[in-house]
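Have a look at this one.
The values are calculated or read from the model by the stated rules, or taken from the named source; none is laboratory data. Bear in mind that the values here come from a model prediction, so they are computed numbers and not experimental data. In this analysis, Cβ positions are derived from the backbone assuming ideal geometry, glycine residues included, and neighbour counts consider all displayed protein chains. SASA here: full protein model, heavy atoms, side chains in, ligands and nucleic acids out. Shrake-Rupley method; radii C 1.70, N 1.55, O 1.52, S 1.80 Å.
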Amino acid sequence: DIDSAGGIDVAAGETGYAVLDLEPGEWYVGIGDTNPFTPLTVTGDAAATPVTLPDPPADVTVELRDRVVDLPDQIPAGRTVWHATNVGHQPHFLTLVKTAKLLTVEQVQTLAGLPEGGTPPPGVPDPATVEVLPVELRNLSPGREVWVELDLAPGYYAALCSIADPATGLPHVLLGEVDVFTVGEPGTATA
């Protein structure tokens, strides 16, 4: 029964930017491991007619549905604003990984399902060649949307959700909630 408005995780010492649409009321902001929840009161009259503002401009649109991540196949390199919308019935988040070559969805699912220290089958790359990025689009409840700024170098990537499905207990990635994409022209420097 938690309504999560999303957000972004960033590595220690780094800066991240996100735009959230919060209704008046009591919210909590997750800040690190030592102080995971800081209260935040959003003021305003919940019964009043809301002010409609234009959406922030976005370079990349990602739609999260139950068992689906829908991203463009090609994304510009460098700083981009991603607009993520959860149109499913379960909460979702995105973990981004960089890979040495463009993988298939099935290869990503095989890697995600390997036990710790497991050996991948033939045709699946060594997990050591996959870089989990220190930035994630945080839990996004159904019906929520968030705009986040990401700075990705040219290369090959996968986006996946590992929240457990309540019916099966399996991580969403193993149920199909994964997409692969290319950023910029791999092998070129970011402008």
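Are any residues in region 75-92 part of a loop (DSSP other than H, G, I, E, B) and out of contact with any Gly (no Cβ under 7 Å at 6 or more places or on another chain), and if so, which ones? Walk me through how you get there before you give the answer.
Filtering region 75-92 for residues part of a loop (DSSP other than H, G, I, E, B) gives 76-77, 87-91.
Within region 75-92, Val87, Gly88, His89, Gln90, Pro91 qualify.
I need every pair where a residue in region 165-191 that is among the polar types (S, T, N, Q) and open to solvent by 10 Å² or more (accessible area, probe 1.4 Å) has its Cβ under 9 Å from the Cβ of a residue that is in a helix (DSSP H, G or I) and at pLDDT 95 or above, sequence separation at least 6 or different chains.
Final answer for the pair search is Thr168/Leu174; Thr168/Leu175.
Right, another one. Of all the residues that make up region 115-147, how many are out of contact with any Gly (no Cβ under 8 Å at 6 or more places or on another chain) and modelled with pLDDT under 90?
Looking only at that region, the number is 4.
Another question about this same structure. So if I check each of Val146, Val132, which one is open to solvent by 60 Å² or more (accessible area, probe 1.4 Å), hydrophobic (A, V, I, L, M, F, W, C) and outside any loop (DSSP other than H, G, I, E, B)?
The conditions single out Val132.
Quick one: Thr119 ticks every box in (1) surrounded by fewer than 13 Cβ atoms within 10 Å (Cβ to Cβ); (2) touching a residue at least 12 places away in the same chain (Cβ under 8 Å); (3) of a type in the set (Val, Ile, Thr) bar one, so which box is it?
(2)
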